[in-house]
Amino acid sequence: MSLTRASTDELLQLLDSREVSAVEVATAFLDEIEARDEQIGAFLTVDRDGALTAARTADERRAAGESAGLLGGIPVAVKDLVCTRGLRTTCASRMLENFVPPYDAHVVRRLRDEGAVLLGKVNLDEFAMGSSTETSAFRRTVNPWNSEHSPGGSSGGSAAAIAAGLAPLSIGSDTGGSIRQPASFCGVVGLKPTYGRVSRYGLVAFASSLDQLGPLSRDVSGSARLLQVIAGHDPQDATCLNVPVPDWTGQLEQPLEGLKIGVVAEQFADGLDDEVAAAVRAAVEVYRGLGATVEEIELPHARHSVATYYLIAPCEASSNLARYDGVHYGHRAEQFDDMVDMYAASRGEAFGSEVKRRIMLGTWALSSGYYEAYYLKALKVRRLIRQDFDDAFRRVDLIAGPVTPTTAFRTGELTGDPLAMYLADIYTSIANLAGIPGISIPAGISQAGLPIGLQLLAPSLEEDRLLRAARMYERETNWHTRWPASL
Ligand code: GLN
């Protein structure tokens with residue numbers, strides 16, 4: 001078996017039995033990136049030296065009979081808006097083109113502590129604003145299943161890297177679907193944890209009340225393991241929850257008994273592609289076959305999720321991105337007349353058009369007179385969406401549904417129509433607004449050969465339920481074992 005096709009568990013087995021070394025594993029992935037990433041476009045920075053050094057350390061620890069850590073010698077690709085000490089972190093923006101963080105994000109420190117091998121930094125929509133990775137200032141990432149199609153976004157580099165066999169694991173971020181949607185488009189697993197489950201220290205902020213870091217992987221077990229490493233209390237992030245971290249990897253194979261699954265009828269109404277609907281219905285039948293009961297539920301305010309999200313996220317973004325003024329941070333224009341002109345020129349030159357659109361939308365919605373009418377109202381609707389989930393989860397354990405209305409769209413297809421692009425976040429953004437965890441798992445392939453994802457949502461802090469239920473489905477199906485025909 002080729003190392004770059006192996007799952008995380010398979011790689012760990014090979015490493016622990018000393019059949020292969022971490023240096024061999026790292027070299028296999030680095031060589032694959034060198035050979036094929038020009039075409040895929042997943043990586044913005046490859047850290048060959050750093051990766052090989054970390055791999056050698058993992059090998060030395062094993063040779064000395066010590067534990068190499070939960071991810072000892074496993075390569076990980078990190079979304080390029082997570083700070084890595086000494087390694088460029090661009091957020092796919094000209095604004096931070098040359099930013100080299102002086103510190104590691106909490107998740108990066110956890111990865112290093114557990115022996116992970118950081119391969120490099122992967123592409124995204126600029127500052128994570130987008131659903132296609134097309135707003136990256138640096139390069140286009142293709143969907144490994146069909147290079148004319150988008151890998152999704154904003155964690156498109158993460159999902160494409162895994163789908164193409166350029167990394168077994170990746171750290172992504174999800175503010176309104178950015179882990180789950182690209183996972184769905186690329187046929188891999190992606191999990192957005194409960195808000196506060198994973199520290200945001202060192203994650204460059206987009207919308208702070210929605211942002212959450214999480215894992216992408218080939219299979220459910222890979223995500224469970226990566227989450228195991230990155231989750232947990234961190235006093236450096238005041239919103240990070242001080243709650244115990246369950247043994248997700250240890251409990252993964254235990255099926256859930258008497259599972260009650262909720263299905264939202266409205267999600268299958270207009271706008272959902274027939275093939276996606278059929279795949280999701282078939283997945284629900286798999287659970288029924290495993291003894292689950294299925295119940296129709298309602299989320300009455302879910303239809304307002306896109307409008308609510310696209311007010312709250314830009315408002316927070318406009319505030320968070322104010323720091324990029326060319327003085328404290330980021331690109332500074334060379335030509336300007338006075339101080340105000342310097343700000344305008346620096347920001348005008350270095351932000352792309354989608355980022356500018358968000359800043360303008362947010363600034364406008366927060367301005368005096370509009371604040372009550374838009375921002376405050378959006379906060380109230382957000383509360384009602386959360387209430388809908390609280391009510392639903394009194395009746396069911398999990399909610400199953402589509403991740404996205406369609407399979408991966410073509411690159412460029414929605415670029416000129418931001419509203420259509422925003423509307424496609426209908427099924428994912430609800431989880432961010434409510435703060436609950438959600439997972440996307442491979443659940444089908446369309447006639448055109450593009451992956452289809454299944455989304456499972458669980459109550460806050462019930463990642464255990466999410467992972468075990470996902471694993472139950474995975475055991476019955478083989479979608480997660482498929483590779484693009486071109487590979
Ligand atoms: N597509 C959404 C947006 O553009 C989600 C982005 C994200 O989750 N980072 O805002």
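Count of segment 299-345 residues, restricted to those that are free of Cβ contacts under 8 Å to residues at least 24 places away in the same chain and among the polar types (S, T, N, Q), is 1.
Considered as a group, the residues in segment 131-172 that are β-branched (Val, Ile, Thr) and part of a loop (DSSP other than H, G, I, E, B) include one that is farthest from the ligand (Cβ to nearest atom), and that residue is Val142.
In segment 46-64, how many residues are crowded, with 16+ Cβ neighbours inside 10 Å and outside any helix (DSSP H, G or I)?
If we filter segment 46-64 for residues that are crowded, with 16+ Cβ neighbours inside 10 Å, which is where we start, we get 46-47, 50-52, 54-59, 61-62.
Imposing the further condition that a residue be outside any helix (DSSP H, G or I) reduces the set to 46-47.
Final tally of qualifying residues: 2.
Suppose the filter is within 13 Å of Lys121 (Cβ to Cβ), among the small types (Gly, Ala, Ser) and surrounded by fewer than 18 Cβ atoms within 10 Å (Cβ to Cβ); does Gly86 pass it? Criteria met by Gly86. Might you check whether a residue that is in a loop (DSSP other than H, G, I, E, B), out of contact with any Ser or Thr (no Cβ under 9 Å at 6 or more places or on another chain) and more than 16 Å from the ligand (Cβ to nearest atom) occurs anywhere in segment 300-313? The answer is yes, given that some residue of segment 300-313 is in a loop (DSSP other than H, G, I, E, B), out of contact with any Ser or Thr (no Cβ under 9 Å at 6 or more places or on another chain) and more than 16 Å from the ligand (Cβ to nearest atom).
Bear in mind these aren't lab numbers, they're just calculated from the coordinates by the rules spelled out. Keep in mind it's a predicted model, so treat the numbers as computed, not measured. Quick reminder, even Gly has a Cβ in these numbers, built from the backbone with ideal geometry, and neighbours come from all protein chains shown.
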